[in-house]
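S.K.: Take this structure, written in structure tokens, and hold onto it; I'll ask about it next.
The values are calculated or read from the model by the stated rules, or taken from the named source; none is laboratory data. The structure presented is a predicted model; accordingly, all values stated were derived computationally and were not measured. Cβ placement follows ideal geometry from the backbone for every residue including glycine, while neighbour counts extend to all protein chains displayed. SASA here: full protein model, heavy atoms, side chains in, ligands and nucleic acids out. Shrake-Rupley method; radii C 1.70, N 1.55, O 1.52, S 1.80 Å.
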There are 2 protein chains.
Amino acid sequence: MSSTLQQSTLSSSNDLPRVQTATIEDLDQITDLLTALFEQQGDFTSDPQRQREGVSMILEQPARGRIFVLRNDDQIFGMVNLLFTISTAMGGMVLILEDFIMHPSHRGQGYGTLLLDHVSNFAKQKNFARITLLTDKISEDSQRFFQKHGFAHSSMIPMRLNID
Amino acid sequence: MSSTLQQSTLSSSNDLPRVQTATIEDLDQITDLLTALFEQQGDFTSDPQRQREGVSMILEQPARGRIFVLRNDDQIFGMVNLLFTISTAMGGMVLILEDFIMHPSHRGQGYGTLLLDHVSNFAKQKNFARITLLTDKISEDSQRFFQKHGFAHSSMIPMRLNID
């Protein structure tokens, strides 16, 4: 209890954004960030109720994935969603990276790198063999960002079928 | 015991290929099929030990995925690997379809459709909201096959980072 109080006192005087594992308390803010992302992306339609359900499922089932947020004491500025699955190519657990979002107010200040470094360290520590993401064809900025951090384009293309 | 015997008697007189859920007994044959697939694909290198480990993990953790095989009594001619994950876009569980393979001796006879119909029915019954697959950019036959079955191209492109 005393260490919580101390931390809170410290961070109010030095409330810099840092990366943390999201908890169910963050559900509302994460849903807002996600809904904003889906409003921008051509492939998806935003639906706050669906986004909320998906996020809840991940937060409630830590064996299926993890959400990391960039936050200060009061607010969440960025997030990334990692899903855990198995690869027959790699012969082990791999990560799918989705919903990598940085609020416009916090872009261009290295916070994306901070968040992605956190992901890489998590992957190494937990022995995930690979990280795969699907990025928007149109967003060259986003592709350059991931390339700069070692991600390579693959020769595969995604196809999707929605089940009614 | 008697029902097993009866089934075996029946199928020896009518040993048509059918779709079944794979079990750990199928590990060797599935590994062989997969290794052959990875030898053909530019994005991956084949490594029988890795393929075997990946398949074992899926067969041992039915909450993470399912492998369906096309088989008769003695032999496996085709397979598909389904992985279960969560989508914040759909707000529920979704399927990733990987390793859809049909042995050359069994192509062009409707077995691919049989296998894919099994997948669709499974998705509907278990309330998965979407199926996503990554297909090889070069393989137009494969793209046409999935398009014919309702799959649509997405505007996303995959990027990957292998963790050393």
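S.K.: Of everything in region B:1-48 that's modelled with pLDDT of 80 or more and touching a Ser or Thr at 6+ places or on another chain (Cβ under 6 Å), which residue is most open to solvent (accessible area, probe 1.4 Å)?
M.R.: Checking each candidate, the answer is B:GLU39.
S.K.: Looking only at region B:120-141, which residues are open to solvent by 30 Å² or more (accessible area, probe 1.4 Å) and at negative phi?
M.R.: B:ASN121, B:LYS124, B:GLN125, B:LYS126, B:LEU134, B:LYS137, B:ILE138, B:SER139, B:GLU140, B:ASP141
S.K.: Related question: Among the residues of region B:93-119, write down those that are open to solvent by less than 30 Å² (accessible area, probe 1.4 Å) and either among the charged types (D, E, K, R) or part of a loop (DSSP other than H, G, I, E, B) (or both).
M.R.: If the condition is that a residue be open to solvent by less than 30 Å² (accessible area, probe 1.4 Å) and either among the charged types (D, E, K, R) or part of a loop (DSSP other than H, G, I, E, B) (or both), then B:ASP99 is the only one that fits.
This table checks each residue for (1) under 25 Å from A:VAL55 (Cα atoms); (2) under 15 Å from the mean Cα position of the chain (by Cα).
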site	(1), (2)
B:TYR111	no, yes
B:LYS126	yes, no
B:LYS137	no, no
B:ASP141	no, no
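S.K.: For region B:49-92, give me each residue that is small (Gly, Ala, Ser), crowded, with 23+ Cβ neighbours inside 10 Å and in a strand (DSSP E or B).
M.R.: B:SER87, the sole residue that qualifies.
S.K.: Follow-up. Given the criteria touching a helix residue (DSSP H, G or I) at 6+ places or on another chain (Cβ under 9 Å), at pLDDT 95 or above and closer than 30 Å to A:LEU37 by Cα, does B:ARG71 qualify?
M.R.: no
S.K.: From the list B:GLU98, B:GLU60, which residue is among the charged types (D, E, K, R) and within 25 Å of B:PRO17 (Cβ to Cβ)?
M.R.: Going through B:GLU98, B:GLU60 in turn, just one is among the charged types (D, E, K, R) and within 25 Å of B:PRO17 (Cβ to Cβ): B:GLU98.
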